[in-house]
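The values are calculated or read from the model by the stated rules, or taken from the named source; none is laboratory data. As the structure is a computational prediction, the values presented were derived from the model and not from experiment. Virtual Cβ from ideal backbone geometry, glycine too; neighbours counted across all protein chains shown.
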């Protein structure tokens, strides 16, 4: 089961998200701001972080950049009521944000985004597992390289 962390200084919004998503097959976590979220992240891993942008003490970009640096395998999503092109570009460039959602967020759009984020995470984990398998078996790596060269020769 994927663990999803929502970070926002608006407790009413967090309560609304909890009601909206409670029936989905995720373990939901909620933090009222970046400081609380960082404490939670230090104590247990999460798969996806969805953060508001405008919060006291630290912006969502600053927070998600820290998450990227400390927990690079966590998928990061920005949720904000202030969608601006410059903000979007900074969020993507500095925090390597997977998606950018605007408030109020359509529940179906949020559910689809969560599904796609978890699917992305599963694919990345499987790729890492397969890469480790190939690296630990040189004969397998050699066979795969030979097959790739043969395909290239036939189609190239």
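Observations on the structure shown:
- Members of region 87-101 that are modelled with pLDDT of 70 or more and surrounded by fewer than 16 Cβ atoms within 10 Å (Cβ to Cβ): 96
- Taken together, the residues in region 1-29 that are more than 15 Å from the chain's Cα centre (by Cα) and either buried (at least 16 other Cβ atoms within 10 Å of the Cβ) or closer than 18 Å to residue 105 by Cβ (or both) amount to 17.
- On the stretch given as region 41-61, residues that are on the phi < 0 side of the Ramachandran plot and exposed (fewer than 15 other Cβ atoms within 10 Å of the Cβ) total 6.
- Output for region 73-86, where each listed residue is in a loop (DSSP other than H, G, I, E, B) and either within 21 Å of residue 26 (Cβ to Cβ) or at pLDDT 90 or above (or both): 73, 74
- Counting only residues that are touching a residue at least 40 places away in the same chain (Cβ under 8 Å), out of contact with any helix residue (DSSP H, G or I) (no Cβ under 7 Å at 6 or more places or on another chain) and part of a helix (DSSP H, G or I), region 103-124 holds 8 of them.
- Residue list for region 102-112, filter: at pLDDT 90 or above and under 15 Å from residue 8 (Cβ atoms): 110
- Residue within region 147-155 that is outside any helix (DSSP H, G or I) and loosely packed, with under 10 Cβ neighbours inside 10 Å present: no
- Residue count for region 1-59, restricted to those that are at pLDDT below 90, within 19 Å of residue 116 (Cα to Cα), part of a loop (DSSP other than H, G, I, E, B) and touching a helix residue (DSSP H, G or I) at 6+ places or on another chain (Cβ under 6 Å): 0
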